[in-house]
Amino acid sequence: MRRLILALLFLGYAAVFVRLPSVGRAAAPFDPLDRRGREVERAIEERRFAEALPIALDLRHAHDADPVIAHWLAEIYRGLGRSADESQSWERVLALTRLADAACPDLPESYARAGDRVRALDAYERCAAAAPDDPERWFDLGVAYTSESRPLDAANAYAKSRALDPSNPRLPAGTSAWSDGAGEATR
């Protein structure tokens with residue numbers, strides 16, 4: 001989580017100092033050291049989500065293309081138990097950063113909390129596709145397939161996770177039997 005926040009702050013700093021082109025409407029770049037931004041961060045840390053929301057919404061209105069603000073909103077909506085709004089914010093983070101680490105696994109988990117299993121599974125698949133070298137994304141996808149009673153797909157996802165991280169103790173027993181990744185058992 002700390003690495004993600006640092007990456008998002010770096011993107012914010014880059015937008016301020018390098019003047020990266022913004023997505024959407026033209027607006028002044030967001031200064032991550034802005035007083036209101038620090039208020040939002042402090043409120044999130046102290047779990048005062050209701051107080052953080054209007055400030056973050058105001059910042060988003062002024063700086064719609066900033067991934068840090070989208071991330072804050074996702075955290076706030078999660079804290080408020082507003083899973084559908086949280087999902088939309090994680091989608092925004094992913095769209096703005098194109099970095100799977102910035103929104104995964106939070107995005108599919110928010111859809112799952114909202115009760116939208118179809119979108120949750122789709123998001124797990126997108127997360128794995130966006131980060132094909134990340135064993136955690138494949139593991140998460142395997143868990144999602146397992147919960148959807150798709151054992152062959154789950155075994156394939158677990159096999160990809162095991163190939164990338166053979167020492168992962170969380171992988172289910174027997175996943176090493178799916179060595180070719182094509183869904184055919186070797187035993």
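The values are calculated or read from the model by the stated rules, or taken from the named source; none is laboratory data. Please read these numbers as outputs of a predicted model, since none were measured by experiment. A quick note on method: Cβ atoms are made from the backbone with ideal geometry, for glycine too, and the neighbour counts reach across all protein chains shown.
General observations
- Of the criteria (1) of a type outside the set (A, V, I, L, M); (2) surrounded by 18 or more Cβ atoms within 10 Å (Cβ to Cβ); (3) in the same structural domain as Pro172 (by TED's automatic domain parsing), which one Tyr111 fails: (3)
- Selected residue (criterion: farthest from Arg162 (Cα to Cα)) from residues of segment 74-133 that are outside any helix (DSSP H, G or I) and aliphatic (A, V, I, L, M): Ala114
- Identity of the residue in segment 16-56, at pLDDT below 50 and part of a helix (DSSP H, G or I), that ends up nearest to His71 (Cα to Cα): Val16
- Residues of segment 62-73 that turn out to be in contact with a helix residue (DSSP H, G or I) (Cβ under 7 Å, 6 or more places away or on another chain) and assigned to a helix (DSSP H, G or I), as a count: 7
- Residues of segment 34-61 that are in contact with a helix residue (DSSP H, G or I) (Cβ under 9 Å, 6 or more places away or on another chain), closer than 21 Å to Arg92 by Cα and not charged (D, E, K, R): Gly37, Val40, Ile44, Phe49, Ala50, Ala52, Leu53, Ile55, Ala56, Leu57, Leu59.
- Looking at Asp85, Asp133, Asp106, just one residue is closer than 17 Å to Val68 by Cα, touching a helix residue (DSSP H, G or I) at 6+ places or on another chain (Cβ under 7 Å) and surrounded by fewer than 21 Cβ atoms within 10 Å (Cβ to Cβ), and that residue is Asp85.
- Filtering Leu96, Leu121, Leu80 for residues that are at pLDDT 95 or above, crowded, with 20+ Cβ neighbours inside 10 Å and among the hydrophobic types (A, V, I, L, M, F, W, C) leaves a single hit, Leu121.
- Check on Ser149, outside the structural domain of Phe30 (by TED's automatic domain parsing) and at positive phi: yes
- Residue ID - surrounded by the fewest Cβ atoms within 10 Å (Cβ to Cβ), chosen from residues in segment 49-73 that are within 22 Å of the chain's Cα centre (by Cα), farther than 21 Å from Leu107 by Cα and not aliphatic (A, V, I, L, M): His61
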